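Report on the structure given below.
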Amino acid sequence: MTQPGPSRVATRWAVRIIPCFIVAAFAFAKYAVIAHLCVDYLYRQHHERGLAVALIVLYFVFFLLALAAYVRTVYTTQTNPGLVPWSERRQRVHNERKALPHKEREDLESQSWSTPDLSPDSPGLESFYTKTMFICEPDGRPRWCSLCWSWKPDRSHHSSELGRCVRKMDHLCPWVGGMVSETSFNFFAQFTYWVSMYLAVCVATAGYCLHKQIQASDPLDWRVVVILALSGLFGLFAFGMSMTSTRYIVENITNIDVFKRRAVHYIAIRVPRGTPSTASYQTVTFPLPGPPGTEPHSPANGFTPSSRDRQAVRTFAIVKTEPGENPFDLGYWRNFKAVMGNNIFEWLLPIEHSPCCNHDSPESFYEFGSLIEELKERHGLPQGHRRRHSRADEVEMVERRPSRD
Ligand SMILES: [Zn+2]
């Protein structure tokens, strides 16, 4: 990591200042829309009581929903931004660095870069090849973060602002003061929806009052003009953000994916153990080979498998997508539910984290879509991997079961 550059310093200041601006804008809107326009102008002066009450109710309903989503988003970005844990080695160096005087830290910064850990027992590697599928490099190893010194889970991206890899990273948002990622994207989307509705109420109230004032040839009310201009401007911005968020949700993409729109993905897909490479795909067997010159998992050449090796020898075919193909696209409805949840309360209220934050599935870190079956067909992989695997596993288990005869 390096010292923060000017752009990073600017981002940090923006992240601190903008929430204060938002609080001030809400305070002014409450005074101008509720106290001045709804209560004084519509209710007391013009006796449009039903309309005034309806606007006040709508204002507070959308305000409270937007506030709840905003607080939840800010809280989540600060407390649980979806960071990928550092490797133990990287954490140790970080702790040692923190204990040093400030000047000496810079020398250690230059040592903060690391090439992929080629050890077959590399920490964290097992969490990939115990899944059925994962995003990999062309050689079948998972992607490596040279700054975090760890393997990058699917869909994670290194944030230079945070100095860490972030799962399903979207963007560093100055409006919520932190990194929007898989843990907060649903709350962020709800915030953009509710704040759009809230600003629409502000625009409608100010627009209606301005219309009445023009008809009555009243002098121009500066508060109406300010509310109309601010709500209109931020309303358009918020509506644009809500449309963008909706698109990302239903297409199952992030801001990072948009920047890498034409990227290809290499995917390791589990195949029966020992499946050889073919002209259309390479295979890789985990645990990876030991020291150079030894063939993997062969006692004949002196390689002694560890107990972990004996328990989990798995072969994967490495297949490549075409540019722009999204292997995580589950279809609009399932994409939506993977981020927004499974019922209407989760869709509307900032209650639960997205279902896609759960990475416990033995299949993959994130659910893969129908492209996998297409890729298997395209590359001539065995079809129906789940059933085949269970049979293959049975065979493997029988092979490994110690004989007591
Ligand atoms: Zn990283």
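The values are calculated or read from the model by the stated rules, or taken from the named source; none is laboratory data. Computed from a prediction, not measured in an experiment: that's the story for all the values here. A quick note on method: Cβ atoms are made from the backbone with ideal geometry, for glycine too, and the neighbour counts reach across all protein chains shown. Surface areas here come from the heavy atoms of the whole protein model, side chains and all, with no ligands, DNA or RNA. Shrake-Rupley method; radii C 1.70, N 1.55, O 1.52, S 1.80 Å.
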Test: THR115 is open to solvent by less than 50 Å² (accessible area, probe 1.4 Å) and either under 21 Å from the mean Cα position of the chain (by Cα) or not assigned by TED's automatic domain parsing to the domain that holds VAL226 (or both): no
Pairs where the first residue, in region 34-57, is closer than 23 Å to LEU220 by Cβ and the second is not in a helix (DSSP H, G or I), C-beta under 7 Å, 6+ apart: LEU42/GLU48
Any chance LEU381 is under 23 Å from TYR266 (Cβ atoms), part of a helix (DSSP H, G or I) and in contact with a strand residue (DSSP E or B) (Cβ under 7 Å, 6 or more places away or on another chain): no
Index of the failed condition, VAL57 passing every other in (1) surrounded by fewer than 19 Cβ atoms within 10 Å (Cβ to Cβ); (2) among the hydrophobic types (A, V, I, L, M, F, W, C); (3) at pLDDT below 95: (3)
Extreme residue, most open to solvent (accessible area, probe 1.4 Å), among residues of region 130-151 that are within 10 Å of the ligand (Cβ to nearest atom) and in a loop (DSSP other than H, G, I, E, B): LEU147
